[in-house]
Amino acid sequence: MYTIKEAAARMGLTVPVLRAWERRYAVVAPGRTSGGYRMYDDAALSRLRSMRRLIDDGWSPSAAASAINAGTAPVEELESQQVERQPGRLVGQLVDAASAIDSARIERVLDEMFAGGTYERVVDDELIPALHALGDAWAEGRVSVAGEHVASNAILRRLAASFQASGPGRDQRRPILVGMAPGGHHELGALIFATALRRAGLPVVYFGADLPLEDWVAAVERNDARAVVIGAVMPGDGAQAVSVADALRAARPAVLVAFGGPAAPDPEANASPGGQVMRLPAELEEAVATLSGAVSRTSQARRSGGETGRRVRGGR
């Protein structure tokens, strides 16, 4: 059984769209918990998947729902519960689809990929290896620029839907800022991580690619950010990430700065002294846990420092 956020993320939908399909077209009738929360089973997800595919093929939402409800549209069965997961098995299929510039096949592979497990496991076992494989295939001439763009943008749409479906969290004060340094354009990894942070209940502001240095500094000050995560994918991204970190720590020494991605720099070797700078692990769940723990410790130290200051002022 899946919550509405999990169901939306698995299907590449937003929560409002899922609710609209349920309310207007009765394409699914989820169960409810004792607290009244919607819960979706595999059969409901199969109907939602068919609904989205029919709409992608040009059907109107009402016609698609009527066909599904009448039993005249194919409803695919999800196999994630019956078939043992084989990490990476869809990577080659995605590269082949990108090579053929076959948008429909790319969407089908992504459907199966995102239906095969939790967001975090899908990212580590399938999506990240697929992104690396796409890059290698492009470099070797097996996938054209057009094919790589079609696949990357299809993935970007899924991640954006997952980001929205994960919800903003209960407390939006002092968010974690996530994005790329000036000149950084390969943002998929940063969006993957921002989504995982939101799924963990942390407040996130996501900036995407190529954020100017002065805007990083202004955003940290305006949001009283508790932490900043800077993605570094290409070799040149590392030096720019260090420049951003230095500027942030000069303006706000207490802010926690984390580097992530394959080109993430070594904080001890590259950053100027002072402040809190770290490099995140490559594995997604470990990276989220590492940053979450560091943020918690930083917040506790800040509260302790505030209480100490109040006691000192009170003693005077």
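The values are calculated or read from the model by the stated rules, or taken from the named source; none is laboratory data. A quick note: this is a predicted structure, and the numbers were derived from the prediction, not measured. Don't worry about glycine lacking a Cβ; one is built from the backbone with ideal geometry, like all the others, and counts go over all protein chains shown. The accessibility values were calculated without ligands, DNA or RNA, using every heavy atom of the protein model including side chains. Shrake-Rupley method; radii C 1.70, N 1.55, O 1.52, S 1.80 Å.
Some observations on this one:
- The share of accessible area on the chain that comes from carbon and sulfur is 52 percent, using a 1.4 angstrom probe.
- Cα gyration tensor shape of the chain, rounded if a/c is under 1.5, else prolate or oblate by comparing a/b with b/c: oblate
- Å² of accessible area per residue within segment 136-272, as computed with a 1.4 Å probe and no ligands counted: 42 Å²
- Computed from phi, the 3J(HN,Hα) profile of segment 186-203 under the Karplus parametrisation 6.51, -1.76, 1.60 (θ = phi - 60°) reads 8, 9, 4, x, 5, 5, 4, 6, 4, 5, 4, 5, 5, 5, 7, x, 8, x Hz, with x in place of Gly and Pro.
- Assigned charges on the beta-carbon of Lys, Arg, Asp, Glu; segment 163-278 dipole about Cα centre (debye): 560 debye
- The DSSP beta bridges internal to the chain are antiparallel in roughly 15% of cases.
- Inter-centroid distance (Cα atoms) of segment 21-77 relative to segment 207-228, Å: 40 Å
- The chain: calculated mean residue ellipticity at 222 nm from DSSP helix runs of at least 4, using -39500 (n - 2.57): -18000 deg cm²/dmol
- Over the C-alpha atoms of segment 164-271, the Rg to Rh ratio, Rh being the Kirkwood estimate, stands at 0.94.
- Mean Cβ count within 10 Å, highest first, over the residues of peptides 31-38, 131-138, 188-195, 54-61: 188-195, 131-138, 54-61, 31-38
- Between Gly261, Gly71, Leu211, the Cα set farthest toward the positive side of the dipole of the chain (charges on each charged residue's Cβ, about the Cα centre) is that of Leu211.
- Relative contact order [Cα under 8 Å, 6+ residues apart], the chain, whole percent: 13 percent
- Calculated from the alpha-carbon coordinates, segment 124-211 shows an Rg and a Dmax of 14.4, 47 Å respectively.
- With Cα atoms, 0 to 90° folded angle of helix 15-25 axis to the chain main axis: 30 degrees
- You can think of it this way: the chain between Tyr37 and Ala160 has 41.9 nm of extra reach, that is 0.36 nm per residue less the Cα-Cα gap.
- For segment 215-291, share of DSSP beta bridges that run antiparallel, in % to the nearest 5: 0 percent
- Spatial separation of Cα centroids for segment 134-156 and segment 231-266, in angstrom: 27 Å
- Packing here is the average count of other Cβ atoms within 10 Å per residue, and on that basis the peptides 5-12, 289-296, highest first, run 5-12, 289-296.
- R0 of 35 Å, Cβ-Cβ distance Glu268-Gln93: FRET efficiency to nearest 0.05: 0.30
- Positive-pole candidate from Ser162, Ala97, Gly293, dipole of the chain, charges at beta carbon: Gly293
- Taking segment 19-74 and dividing mean pair separation by its residue count, relative contact order in percent (alpha carbons under 8 Å, at least six apart): 31 percent
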